[in-house]
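Reviewing the structure listed below.
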Amino acid sequence: MTQAPSSGIAGRGDGVKHDVAEGEITAAPAKATGVAIAVLAVVAVLVVALDQWTKQLALTALSDGSTVRLLGGAVYFDLTRNSGAAFSIGTGVTFIFPIIAATVLGLIIWFARRLRSWPWALAMGLVLGGAMGNLTDRLFRAPGPLEGHVVDFISVFAPGGQAFPIFNTADSALFCGVVLAIALEFTGFRRDGTRVRAGKEAGSSGGVRHSPGDEA
């Protein structure tokens, strides 16, 4: 009896076809899961709410020019209004930052179409919430729409941003989201819920990509 050559498609009994070539297993593209989208949305909303709440507290408590010293001088609450980007970068080109924020929003929506990993949802939610938090200031704070100054109030190691640019909650969320995304990428986690591991597990240098059911 003659056996037909392998077509390169292997089934796992999970209803998903997997391409097998040179020691690598890849899952077919899948749509986003409700859990991942929910995590992204909830994290983004919480970041925006926390950002605007802390900014309002800073405006209420520090508008008289006072400074609050915490943790032995490791952290200071010192109010300032920033016309630049995160960490007071680019103070002379305020108008361009709402455009950048809108672009980030569009990209995250695009990438979320096949989002199946909750760690990636967390990272993207932090980035989205941080971008939206500062965009809210750009749109609704003085001196006017698209040119509004962002409220910053966190200074580390010295007041007035002497040791490091003053920032806010949105900046912190944005930074943490980017760091988490980089860490996920370098550790092999993908947005579709798969994970690429070293070739040791496949007996080759091609690596293994596990299906969404194998990894979070």
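For the stretch 43-62, what are the residues that are of a type in the set (A, V, I, L, M, F, W, C) and in contact with a strand residue (DSSP E or B) (Cβ under 9 Å, 6 or more places away or on another chain)?
In the first step, residues of the stretch 43-62 are kept if they are of a type in the set (A, V, I, L, M, F, W, C); the result is 43-50, 53, 57-59, 61-62.
Across the stretch 43-62, the qualifying residues are Leu57, Ala58, Leu59, Ala61, Leu62.
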On the basis of being more than 25 Å from Arg69 (Cα to Cα) and in contact with a Cys (Cβ under 8 Å, 6 or more places away or on another chain), does Leu135 make the cut?
no
Within the stretch 70-110, can you find the residues that are in a loop (DSSP other than H, G, I, E, B) and at pLDDT 70 or above?
Ala74, Ser83
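Out of the residues in the stretch 186-212 that are within 18 Å of Val39 (Cβ to Cβ) and not hydroxyl-bearing (Ser, Thr, Tyr), state the one that is modelled with the lowest pLDDT. Write out each step before concluding.
Of the residues in the stretch 186-212, the ones within 18 Å of Val39 (Cβ to Cβ) are 189-195, 212.
Within this subset, residues satisfying the condition of being not hydroxyl-bearing (Ser, Thr, Tyr) are 189-193, 195, 212.
Values: Phe189: 94, Arg190: 93, Arg191: 92, Asp192: 90, Gly193: 89, Arg195: 90, Pro212: 51.
Step by step, filter the stretch 186-212, then rank; the result is Pro212.
Just to verify a result, which residue in the stretch 173-195, among those that are free of Cβ contacts under 8 Å to residues at least 40 places away in the same chain and surrounded by fewer than 19 Cβ atoms within 10 Å (Cβ to Cβ), is nearest to Ala44 (Cα to Cα)? It would help to see each step written out before you state the result.
Within the stretch 173-195, the first condition is being free of Cβ contacts under 8 Å to residues at least 40 places away in the same chain, and the residues that meet it are 179, 182-183, 185-188, 195.
Then keep just the ones that are surrounded by fewer than 19 Cβ atoms within 10 Å (Cβ to Cβ); that gives 179, 182-183, 185-188.
On the way: Val179: 16, Ile182: 18, Ala183: 20, Glu185: 21, Phe186: 24, Thr187: 24, Gly188: 24 Å.
Here the residue is Val179.
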Index of the failed condition, Pro98 passing every other in (1) surrounded by 13 or more Cβ atoms within 10 Å (Cβ to Cβ); (2) under 30 Å from Arg195 (Cβ atoms); (3) touching a residue at least 40 places away in the same chain (Cβ under 8 Å):
(2)
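Just give me the residues in the stretch 111-129 being in a helix (DSSP H, G or I) and either at pLDDT below 95 or not small (Gly, Ala, Ser) (or both), in sequence order.
Those that are in a helix (DSSP H, G or I) and either at pLDDT below 95 or not small (Gly, Ala, Ser) (or both): Phe111, Ala112, Arg113, Arg114, Trp118, Pro119, Trp120, Leu122, Met124, Leu126, Val127, Leu128.
The values are calculated or read from the model by the stated rules, or taken from the named source; none is laboratory data. A quick note: this is a predicted structure, and the numbers were derived from the prediction, not measured. Cβ: placed from backbone, ideal geometry, glycine included. Neighbour counts: every protein chain shown.
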